[in-house]
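Chemist: Here you go, one structure.
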Amino acid sequence: MYRSHLLHRFNLMGQSHRSDETMLEDALRSLILQYIVDEGREIRDEGGLRKLPAMDELCRQLGISRGKLREELIAAEACGVVEMRPGDGTYVRPFDFYTPIRTLLLYSVALDRKNFYRYYELRTQLAAAFWMDATRKLTLEDKEELQRIVERAERRLGGDPVEIPHKEHRDFHLLTFAKLGNEFVLGLLRAYWDAYEAVGLHLYFDYSYYEAMWSSHGAMAEAIVAGQYDRGREVLIQHFTLLSDRLRGSSGTN
């Protein structure tokens with residue numbers, strides 16, 4: 001039985017001299033996740049998503065009750081691994097690092113707002129480290145869109161009434177890294193913006209702050225379009241200094 005096969009492998013975890021692949025698989029410690037890994041190629045593809053067998057069949061293969069299987073599926077869905085569709089079945093989603101990170105980040109920020117500032121520090125280091133690789137992969141169309149985003153933001157700031165260009169702010173930074181091709185980095189960066197909104201930093205702060213912020217975004221866009229990626233990175237780091245000052249002020253820290 002498939003469950004016996006898995007349990008035998010899990011029991012080997014205390015043994016040495018195992019291959020890295022076996023250690024990685026054993027570390028999952030989830031029957032449904034391990035099933036998806038092992039049987040991935042055999043799972044039927046429907047409309048671009050792979051459909052798992054019916055629950056009764058899965059229970060039979062895994063040797064567990066429907067209640068236990070449902071618990072595992074709910075946990076897998078929370079991690080973005082599967083999608084349960086009532087009356088239709090359960091589908092395996094494409095790999096998505098963003099969903100579990102977003103959930104855990106928002107939970108941590110709800111527990112302690114200081115966790116946002118800690119995550120912000122991670123985000124700044126991450127963005128600076130991957131800036132060169134990301135911006136060099138941008139297409140001409142991407143670069144032109146960055147300029148259009150800056151123009152839209154400036155129009156909103158200069159309008160009557162003034163509008164906060166938060167969507168443009170998020171779009172600008174995510175587009176900058178969109179071609180990086182690293183789902184882990186992109187997931188961490190996307191989750192940052194959800195936390196940014198959760199703590200209310202997308203709300204009005206000070207007009208001079210937004211003027212300075214979008215001046216730096218304009219300079220970044222110009223540097224990217226000109227192929228001056230080092231210069232763009234310098235502006236990015238200066239931009240983060242501006243944000244850090246704002247965060248220190250809003251958190252009441254020095």
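Chemist: Answer yes or no: is there a residue in region 149-162 that is among the acidic types (Asp, Glu) and crowded, with 19+ Cβ neighbours inside 10 Å.
Modeler: no
Chemist: Can you tell me which of Val225, Val150, Val162 is of a type in the set (A, V, I, L, M) and at pLDDT below 95? So that I can check it myself, show each step before the final result.
Modeler: Details: Val225 fails: at pLDDT below 95; Val150 fails: at pLDDT below 95.
Answer to the check: Val162.
Chemist: Does region 189-226 hold any residues that are small (Gly, Ala, Ser) and either part of a loop (DSSP other than H, G, I, E, B) or at positive phi (or both), and which are they? So that I can check it myself, show each step before the final result.
Modeler: Here is the first cut: in region 189-226, the ones small (Gly, Ala, Ser) are 191, 195, 198, 200, 208, 212, 215-216, 218-219, 221, 223, 226.
Within region 189-226, Gly200, Ala226 qualify.
Chemist: For region 37-69, how many residues are closer than 20 Å to Arg85 by Cα, at pLDDT 80 or above, crowded, with 16+ Cβ neighbours inside 10 Å and in contact with a helix residue (DSSP H, G or I) (Cβ under 8 Å, 6 or more places away or on another chain)?
Modeler: Qualifying residue count, region 37-69: 6.
Chemist: Within region 76-103, count every residue that is surrounded by 14 or more Cβ atoms within 10 Å (Cβ to Cβ), assigned to a helix (DSSP H, G or I) and among the aliphatic types (A, V, I, L, M). Don't jump to the end; show me each part of the working.
Modeler: As a first pass, look at region 76-103 and keep what is surrounded by 14 or more Cβ atoms within 10 Å (Cβ to Cβ): 76-77, 79-84, 89-93, 96-103.
With the extra rule that they be assigned to a helix (DSSP H, G or I), the set shrinks to 76-77, 98-103.
Next cut, among the aliphatic types (A, V, I, L, M) only: 76, 101.
The qualifying residues number 2.
Chemist: Identify the residue in region 107-121 that is surrounded by 17 or more Cβ atoms within 10 Å (Cβ to Cβ) and in contact (Cβ under 8 Å) with a residue 60 or more places away in the chain and, among all such residues, is farthest from Leu247 (Cα to Cα). Write out each step before concluding.
Modeler: Applying the first criterion (surrounded by 17 or more Cβ atoms within 10 Å (Cβ to Cβ)) to region 107-121 yields 109, 115-117, 119-120.
Next cut, in contact (Cβ under 8 Å) with a residue 60 or more places away in the chain only: 109, 116-117, 119-120.
Numbers: Val109: 14, Phe116: 10, Tyr117: 8, Tyr119: 12, Tyr120: 9 Å.
Once the filter is applied, the top-ranked residue is Val109.
Chemist: Restricting region 130-168 to residues that are among the basic types (Lys, Arg) and closer than 20 Å to Gly200 by Cβ, which is nearest to the chain's Cα centre (by Cα)? If you could, list the steps in order and put the result at the bottom.
Modeler: Initial filter on region 130-168 (among the basic types (Lys, Arg)): 136-137, 143, 148, 152, 155-156, 167.
With closer than 20 Å to Gly200 by Cβ added as a condition, the list becomes 156, 167.
Working: Arg156: 28, Lys167: 17 Å.
For region 130-168, the residue satisfying everything is Lys167.
Chemist: Do we have Leu180 as aliphatic (A, V, I, L, M), farther than 24 Å from Ser244 by Cα and touching a residue at least 24 places away in the same chain (Cβ under 8 Å) here?
Modeler: Details: aliphatic (A, V, I, L, M): yes; farther than 24 Å from Ser244 by Cα: yes; touching a residue at least 24 places away in the same chain (Cβ under 8 Å): yes.
Against the criterion (aliphatic (A, V, I, L, M), farther than 24 Å from Ser244 by Cα and touching a residue at least 24 places away in the same chain (Cβ under 8 Å)), Leu180 qualifies.
Chemist: Scan region 87-105 and tell me whether some residue there is in contact (Cβ under 8 Å) with a residue 40 or more places away in the chain, over 30 Å from Glu72 (Cα atoms) and of a type in the set (D, E, K, R).
Modeler: No, every residue in region 87-105 fails to be in contact (Cβ under 8 Å) with a residue 40 or more places away in the chain, over 30 Å from Glu72 (Cα atoms) and of a type in the set (D, E, K, R).
Chemist: Here is a follow-up. Taking the conditions exactly as written (assigned to a helix (DSSP H, G or I), aromatic (Phe, Trp, Tyr) and touching a helix residue (DSSP H, G or I) at 6+ places or on another chain (Cβ under 8 Å)), does Tyr119 satisfy them or not?
Modeler: Numbers: assigned to a helix (DSSP H, G or I): yes; aromatic (Phe, Trp, Tyr): yes; touching a helix residue (DSSP H, G or I) at 6+ places or on another chain (Cβ under 8 Å): yes.
Here the answer is yes, as Tyr119 does meet what is asked.
Chemist: Also, I was wondering about something else. With the requirement that a residue be of a type in the set (Asp, Glu) and either under 23 Å from Ala110 (Cβ atoms) or not assigned by TED's automatic domain parsing to the domain that holds Arg246 (or both), what does region 163-204 give you? Steps first, answer last, please.
Modeler: Initial filter on region 163-204 (of a type in the set (Asp, Glu)): 163, 168, 171, 183, 194, 197.
Of everything in region 163-204, those that are of a type in the set (Asp, Glu) and either under 23 Å from Ala110 (Cβ atoms) or not assigned by TED's automatic domain parsing to the domain that holds Arg246 (or both) turn out to be Asp194, Glu197.
Chemist: Next question, about the same structure. Just to be sure before I move on: is Gly67 outside the structural domain of Ala195 (by TED's automatic domain parsing), more than 19 Å from Ile36 (Cβ to Cβ) and assigned to a helix (DSSP H, G or I) in the structure I sent?
Modeler: Working: outside the structural domain of Ala195 (by TED's automatic domain parsing): yes; more than 19 Å from Ile36 (Cβ to Cβ): yes; assigned to a helix (DSSP H, G or I): yes.
Criteria met by Gly67.
The values are calculated or read from the model by the stated rules, or taken from the named source; none is laboratory data. Remember, it's a predicted structure, so these values are computed and weren't measured experimentally. Please note: Cβ atoms are built from the backbone with ideal geometry, for glycine as well, and neighbour counts cover all protein chains shown.
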